[in-house]
Amino acid sequence: MDLVYPARLSLAQLPTPLQPLQRLSDELGGEHRLWIKRDDLTGAALSGNKLRKLEFVTAAAQAAGCDTLITCGGVQSNHCRVTALVGAQLGLKVHLILRGEPDEVPDGNLLLDYLAGAVVSCYPRRQFTAELELLYQHWQEHYEKLGHKVFCIPIGASDGIGIWGYIAAAEELARDFCAAGIEHAQVVCASGSGGTQAGLTLGAALHPVPMDVWGINVCDDEAWFLNKVASDVADWQRRYSADRPAPELEIRVIDGHVGPGYGRAEAPVYQTIQRLASLEGVILDPVYTGKAFHGLLQELARGRFAGCRDIVFIHTGGIFGLFPQRGHFQLSTQQ
Ligand SMILES: Cc1ncc(COP(=O)(O)O)c(C=O)c1O
């Protein structure tokens, strides 16, 4: 299909590398070729998947004449940190509405939010969940009274605008596959607000790309993500392609790996993070990529992808979320 992309700022360093996980593939017996798409290296201080989305979101904000971005997430939100950094780069004011209590000494992503000059408001979990729309409205009115024009970005920049980032990434993957001799791949990503999965799923159908896209949810459940991915795609359709028939999509969610809850993981996830770091020199985080990658390894062991040669894991970033959870690793620090 002849796809017309909307305005986009060039913020990310693209294309990101598609690397073989050779030593891990060998260790697992060689049935699959495991690959990792290094979207943790998109740039703006290792900003991961959100930078691809923000290329389109910030272009839309600038086109609308906005000078202020408001967005939201958890206290250790990667998305909020990238928005803070990109806002600084573009000279836009950034206000972050955060869920949860800030640490006494800011750590990880929160530290970077402050360094980038974002204004941060933290709310107790219950209030954040119940009143998010009101909080956006409150801060939007606050800035508008001061003469600013505000662009509100939803959680994770997952909506019809943000998913362009991963529609474009699907096109990039098609070129990666040609270069790597991949005829058909199972592509797996962590799903938190659904936009990465939505963009890849839609992009696979639009371009088209020989891949099946799977999201491993790190919060909520399969039903929530089936609905969220479909509604992000429907938002895209309404905004950009209302005069064309909606593409037929198969949305694939692998549930069962959330563990104790969002942002919390069991010991085997931390062991998988250590295993990949020591085997391949690749660092995952416990909130998103480590949990999803651990889930992928469990699914491989159960035979979900039996007979599939190429498995591509999208490394969506998140390294700064590792440091506040440093206490969970069993490190052998003896000489
Ligand atoms: C590091 C990382 N990986 C994966 C995700 C999930 O992406 P999405 O929100 O598009 O589902 C997020 C954010 O939610 C993230 O910060």
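Any residue that is under 24 Å from Ser191 (Cα atoms), in contact with a strand residue (DSSP E or B) (Cβ under 7 Å, 6 or more places away or on another chain) and of a type in the set (A, V, I, L, M, F, W, C) - is there at least one of those in the range 138-145? It would help to see each step written out before you state the result.
Within the range 138-145, the first condition is being under 24 Å from Ser191 (Cα atoms), and the residues that meet it are none.
Scanning the range 138-145 turns up no residue that is under 24 Å from Ser191 (Cα atoms), in contact with a strand residue (DSSP E or B) (Cβ under 7 Å, 6 or more places away or on another chain) and of a type in the set (A, V, I, L, M, F, W, C).
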Subject >> Residues within the range 276-287 that are free of Cβ contacts under 8 Å to residues at least 24 places away in the same chain and assigned to a helix (DSSP H, G or I), tallied >> reply: 2
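Residues being in a helix (DSSP H, G or I), free of Cβ contacts under 8 Å to residues at least 40 places away in the same chain and not charged (D, E, K, R): count how many of those fall in the range 326-335.
Going through the range 326-335, the residues in a helix (DSSP H, G or I) turn out to be 326-328.
Still in the list and also free of Cβ contacts under 8 Å to residues at least 40 places away in the same chain: 326-327.
Filter again for not charged (D, E, K, R), leaving 327.
Count: 1.
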Subject >> Complete set of residues in the range 54-102 that are within 16 Å of the ligand (Cβ to nearest atom) and farther than 18 Å from Tyr136 by Cβ >> reply: Glu55, Phe56, Gln76, Asn78, Arg81, Val82, Leu85, Val86
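Considering only residues that are small (Gly, Ala, Ser) and more than 30 Å from Thr71 (Cβ to Cβ), look in the range 6-55 and name the one that is surrounded by the most Cβ atoms within 10 Å (Cβ to Cβ). Explain how you work it out, then say what you get.
We begin by selecting, within the range 6-55, every residue small (Gly, Ala, Ser); these are 7, 10, 12, 25, 29-30, 43-45, 47-48.
The next check asks that each one be more than 30 Å from Thr71 (Cβ to Cβ); those that pass are 25, 29-30.
Numbers: Ser25: 17, Gly29: 8, Gly30: 8.
Restricting to residues being small (Gly, Ala, Ser) and more than 30 Å from Thr71 (Cβ to Cβ), the top hit is Ser25.
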**OP:** For Leu200, work out the one condition from (1) within 13 Å of the ligand (Cβ to nearest atom); (2) farther than 30 Å from Arg33 by Cβ it doesn't fulfil.
**Re:** (2)
Subject >> Single residue of the range 209-219 satisfying the filter (without any contact (Cβ under 8 Å) to a residue 40 or more places away in the chain and over 11 Å from Ile251 (Cβ atoms)) that is nearest to the ligand (Cβ to nearest atom) >> reply: Val209
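Among the residues of the range 241-259, is there at least one that is of a type in the set (S, T, N, Q) and modelled with pLDDT under 95?
First, the residues of the range 241-259 that are of a type in the set (S, T, N, Q): 241.
Then drop every residue that is not modelled with pLDDT under 95, which leaves 241.
There is at least one residue in the range 241-259 that is of a type in the set (S, T, N, Q) and modelled with pLDDT under 95.
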Subject >> Test for Ala267: is it surrounded by fewer than 17 Cβ atoms within 10 Å (Cβ to Cβ) and closer than 18 Å to Asp39 by Cβ >> reply: no
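Could you list, in sequence order, the residues of the range 154-171 that are of a type in the set (Val, Ile, Thr), more than 12 Å from the ligand (Cβ to nearest atom) and more than 15 Å from Gln237 (Cα to Cα)? Let's see the steps before the verdict.
Pass one, the range 154-171, residues of a type in the set (Val, Ile, Thr): 155, 161, 163, 167.
When the remaining residues are screened for being more than 12 Å from the ligand (Cβ to nearest atom), the result is 161, 167.
None - no residue of the range 154-171 is of a type in the set (Val, Ile, Thr), more than 12 Å from the ligand (Cβ to nearest atom) and more than 15 Å from Gln237 (Cα to Cα), so the list stays empty.
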Original post:
Among the residues of the range 113-136, is any buried (at least 16 other Cβ atoms within 10 Å of the Cβ), within 16 Å of the ligand (Cβ to nearest atom), more than 29 Å from Leu297 (Cα to Cα) and under 17 Å from the mean Cα position of the chain (by Cα)?
Top reply: no
Subject >> Matching entry among Gly295, Gly307, Gly317, Gly290 (being within 15 Å of the ligand (Cβ to nearest atom) and in a loop (DSSP other than H, G, I, E, B)) >> reply: Gly317
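Among the listed residues Thr68, Thr58, which satisfies the condition of being more than 17 Å from Ile167 (Cβ to Cβ) and buried (at least 16 other Cβ atoms within 10 Å of the Cβ)? Break it down into steps so the answer makes sense when it comes.
On the way: Thr58 fails: more than 17 Å from Ile167 (Cβ to Cβ).
Only one candidate passes the filter, namely Thr68.
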**OP:** Output the residues belonging to the range 14-48 that are in a helix (DSSP H, G or I) and in contact with a strand residue (DSSP E or B) (Cβ under 9 Å, 6 or more places away or on another chain).
**Re:** Gln22, Leu24, Ser25, Asp39
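Looking at the range 315-324, is at least one residue within 22 Å of the chain's Cα centre (by Cα) and farther than 26 Å from Trp35 by Cβ?
yes
The values are calculated or read from the model by the stated rules, or taken from the named source; none is laboratory data. The structure presented is a predicted model; accordingly, all values stated were derived computationally and were not measured. Please note: Cβ atoms are built from the backbone with ideal geometry, for glycine as well, and neighbour counts cover all protein chains shown.
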